[in-house]
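Written below as structure tokens is the structure these notes are about.
The values are calculated or read from the model by the stated rules, or taken from the named source; none is laboratory data. Note that the coordinates shown come from a computational prediction; the quantities given were computed from them, not determined experimentally. Note that we place each Cβ from the backbone using ideal geometry, even for glycine, and neighbour counts take in every protein chain shown.
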Amino acid sequence: MKKVFFVSFLVVGISANAQHFSIGLKAGTNISNFTGTPSFELTNKALVGFYGGAYLNFWLGKNFTFQPEALISTQGAKFTEGSTSEKFNLTYVNVPVMFKYKTDGGFYVEAGPQVGFKLSESVPEDQTAEEFAENLDLSLGAGLGFQSAMGLGVGARYLAGISKVGDFDASDRPNFKNSVIQIGISYTLGGPKKK
């Protein structure tokens, strides 16, 4: 948890010179899976989870903003081998930092990195925390959406893992990565919603 606070303060410090900022809340649905899984006899399916948290939005110009977030996110995958299915559920505190371009009409596109800190995991009994997910997860994200002048917004984002979920023996299990689609709503509280 100390790492989360450190990253949050670092992001705020870097953004201290921004002319305007606003705060907001967001929540929605995760559709998550693992990429890089083997094709032989083992299949994986997406899990549906949730995310929720808060963000700061700093205006860098007329149409550009810088948006650090802190989100609780449940994700993972479901593995099926023959008639046996097992769920691998992971919970992270994710800190995405998105650079956004907003049109005057309220539409936006965004892209940026994300750092995730594992809070907990629920995996089959023959797994352990040391054998499965690492405590740190790195991703790159991109998305699009719309935010009204009143502050209510809708958006979708894809997050592609760039770090391995765990340090596994490739001959036994794959070195797979997180893959998450997020669809949700947001609401900006106070501050300039449009410059």
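Given the residues Ala70, Ala27, which is the only one that is out of contact with any helix residue (DSSP H, G or I) (no Cβ under 9 Å at 6 or more places or on another chain), modelled with pLDDT of 90 or more and either farther than 15 Å from Leu159 by Cβ or of a type in the set (A, V, I, L, M) (or both)?
Sole residue among the options that is out of contact with any helix residue (DSSP H, G or I) (no Cβ under 9 Å at 6 or more places or on another chain), modelled with pLDDT of 90 or more and either farther than 15 Å from Leu159 by Cβ or of a type in the set (A, V, I, L, M) (or both): Ala27.
Of the residues in segment 148-159, how many are surrounded by 13 or more Cβ atoms within 10 Å (Cβ to Cβ), hydrophobic (A, V, I, L, M, F, W, C) and either assigned to a loop (DSSP other than H, G, I, E, B) or touching a residue at least 40 places away in the same chain (Cβ under 8 Å) (or both)?
1
Quick one: in segment 33-56, which of the residues that are under 16 Å from Ser179 (Cβ atoms) and crowded, with 18+ Cβ neighbours inside 10 Å is modelled with the lowest pLDDT?
Among those residues, the one meeting the criterion is Asn44.
Could you tell me whether segment 80-95 includes any residue that is closer than 18 Å to Gly143 by Cα and surrounded by 17 or more Cβ atoms within 10 Å (Cβ to Cβ)?
Step one: filter segment 80-95 for residues closer than 18 Å to Gly143 by Cα, giving 94-95.
Then drop every residue that is not surrounded by 17 or more Cβ atoms within 10 Å (Cβ to Cβ), which leaves 94-95.
Yes, segment 80-95 contains at least one residue that is closer than 18 Å to Gly143 by Cα and surrounded by 17 or more Cβ atoms within 10 Å (Cβ to Cβ).
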